[in-house]
Amino acid sequence: MSESTSNPELIEKFWESVPPAWRQTRSHIHAIAVEKFKMTEEQFQVLRRIRKGSTSVSSLANASQTSRSAVSKAVDSLVHKGLVVRQQDPSDRRNIPLALTEEGQRVLDTIFNEAEAWLSTRFACLTSEQTESLLLGMESLRIAFSKIQLPELPFIAI
């Protein structure tokens, strides 16, 4: 283990910075999704994951570590709202891939654009030197966490 990864000051700064920043960001995105588009956190996450390439209820359930029935319920609601469509796979009728509608894509774009604008206001108080340091730090954080191969924890339903 290198000295920088076992540095107590580094670890303390991580805990002081990353979780609060993520909680605020997540809370802001959640508020947009719930207040503006009347969707649950689960529905927002389903839209986001479909946009990233998960196209089946099974893959969505695995990605979110929730039950297929909970994901299916969220998908049903999104289909009813006109944000997601179920498509027919001509080569395998049992396979019903999911896709965003134009409206679903517009909703996600709006949420992410508003989140980016909100983040821009947070970062506006930084000097150019602080911004450069933060960019380097974020890249270091990405590298540190991309190299860790944590064992997969078993899913426990509560």
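What follows is calculated from the coordinates using simple rules that are stated; it is not laboratory data. All of these numbers come straight from a predicted model, not from anything done at the bench. So basically every Cβ, Gly included, is an ideal-geometry build from the backbone, and we count neighbours across all protein chains shown.
The Thr131 and Ala21 beta-carbon pair, evaluated with R₀ = 22 Å, returns a calculated FRET efficiency of approximately 0.90.
Between the listed residues Trp22, Ile32, Ile11, the Cα displaced farthest toward the positive end of the dipole of the chain, a dipole computed from Cβ unit charges relative to the Cα centre, is found at Ile32. How far apart, in nm, are two points set 7 Å out from the Cα along the Cα-to-Cβ line at Phe145 and at Gln105? The modelled label-to-label distance comes out at 2.9 nm.
Dividing the Cα radius of gyration of the chain by its Kirkwood radius returns 1.04 for Rg/Rh. Residues of region 27-60 falling in the label zone of Asn95, defined by backbone nitrogen less than 19 Å from a point 7 Å along Cα to beta-carbon, are 50-60.
Across the chain, C-alpha contacts under 8 Å between residues 6 or more apart give a mean separation that, scaled by the residue count, equals a relative contact order of 18 percent. For region 39-111, trypsin sites (Lys or Arg not before Pro) meeting the loop criterion (DSSP other than H, G, I, E, B) and having at most 12 other Cβ atoms within 10 Å: Lys52, Arg93, Arg94. On the basis of the beta-carbon distance and an R0 of 30 Å, Ala70 and Phe112 show a calculated FRET efficiency of 0.80.
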